[in-house]
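One structure is given here, and the rest of the page talks about it.
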Amino acid sequence: MRDDRLNGDVLTGGFADAPVQAARAFRAALEAMARPGKIETVEGAEGPGISTAAAVLLLTLCDRETPIHLAPGCNSDALRHWIAFHIGAPVVAADEAMFALGSWQALKPLDRYRIGTAEYPDRSVTLIVEVAALESAGMKLTGPGIETEAALSLPEVEAFARNGLLFPLGWDCYFTAQDRLAAVPRTTKVEAL
């Protein structure tokens, strides 16, 4: 008997040349996090209903032991099956997630995600925020990894200000649009221009 979950959408969309594409994607993800506001271009993955960049991040940063939360708008059977086939990661509630994927509004409220503990600040969530466009304009970014200042099209300032007050705890963010990604770690100060 044929399993309808194993259709073309689920079986396709992974890295065709996994060692090479995963290495390039991992480098882009690290570079983006190390240099907040820098936009990287990635390729090689297509997940149902999500951007290429979001699919690349999921394939690169997640595995069977990485709980993922799918916010409304991303939480489809097709994407759940794609994640199960290509990554094997469990899909969980927001408060259990190490990664959360969705639009900025769908991911809210942000205080329900893990922010780490004093002993283990790294046990926090990384948000993968899907946006319509990603540009080097909008909000001013300063902090570690930025020589003077950078700019990035972000949805708001307030949430980042509240997150910054939690340091060394807090969440980190990747923003994804089509094949582009950028990061805003918890160490970055975000201000309106």
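The values are calculated or read from the model by the stated rules, or taken from the named source; none is laboratory data. Worth saying up front: this structure is predicted, and the values here are computed from it rather than measured. For neighbour counting, all protein chains shown are included, and Cβ atoms are generated from backbone atoms with ideal geometry for every residue, glycine included. Keep in mind that these areas ignore ligands, DNA and RNA; they rest on the heavy atoms of the full protein, side chains included. Shrake-Rupley method; radii C 1.70, N 1.55, O 1.52, S 1.80 Å.
Computed quantities for the displayed model
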| read-out | value |
| --- | --- |
| Dipole magnitude of region 67-120 about its Cα centre (Cβ charges: Lys, Arg +1; Asp, Glu -1), debye to nearest 20 | 140 debye |
| Environment charge of residue 142, counting only residues whose C-beta is closer than 15 Å and scoring Lys/Arg +1, Asp/Glu -1 | +2 |
| Solvent-accessible heavy-atom area per residue, rounded to whole Å², over region 14-129 at 1.4 Å | 47 Å² |
| Charge-dipole axis of the chain as Lys and Arg at +1 and Asp and Glu at -1 on Cβ define it, positive-most pick from 97, 29, 81 | 97 |
| Helical segments meeting 18 Å axial Cα length and Kyte-Doolittle -0.5 threshold in the chain (DSSP H) | 18-34 |
| Extension gain from residue 17 to residue 191, taking 0.36 nm per residue of separation minus the Cα-Cα distance | 58.6 nm |
| Aspartates and glutamates with Cα under 17 Å of residue 38, excluding same-chain neighbours fewer than 8 positions away | 130, 135, 147, 149, 172, 179, 191 |
| Proximal charge balance of residue 25 [Cβ under 10 Å; K/R count +1, D/E count -1] | 0 |
| Protection-proxy order for peptides 74-80, 130-136, 17-23, each taking the mean of Cβ atoms within 10 Å per residue, highest first | 74-80, 130-136, 17-23 |
| The chain, accessible surface, carbon-and-sulfur percent (1.4 angstrom probe) | 53 percent |
| Helical contribution to [θ] at 222 nm, DSSP H n ≥ 4, -39,500 (n - 2.57), averaged over the chain, rounded to 500 | -7500 deg cm²/dmol |
| Cα-centre dipole for the chain with unit charges at Cβ (Lys and Arg positive, Asp and Glu negative), debye to 20 | 200 debye |
| Cα pair distances exceeding 21 angstrom across region 14-119, given as percent | 37 percent |
| Extreme residue, positive dipole direction of the chain, given options 134, 165, 71 (C-beta unit charges) | 165 |
| About the Cα centre, charge dipole magnitude for region 103-146 (Lys/Arg +1, Asp/Glu -1 at Cβ), debye | 100 debye |
| Protection proxy ranking, peptides 49-57, 154-162, average beta carbon neighbours within 10 Å, highest first | 49-57, 154-162 |
| Cα-based convex hull volume of the chain per residue, rounded to whole Å³ | 114 Å³ |
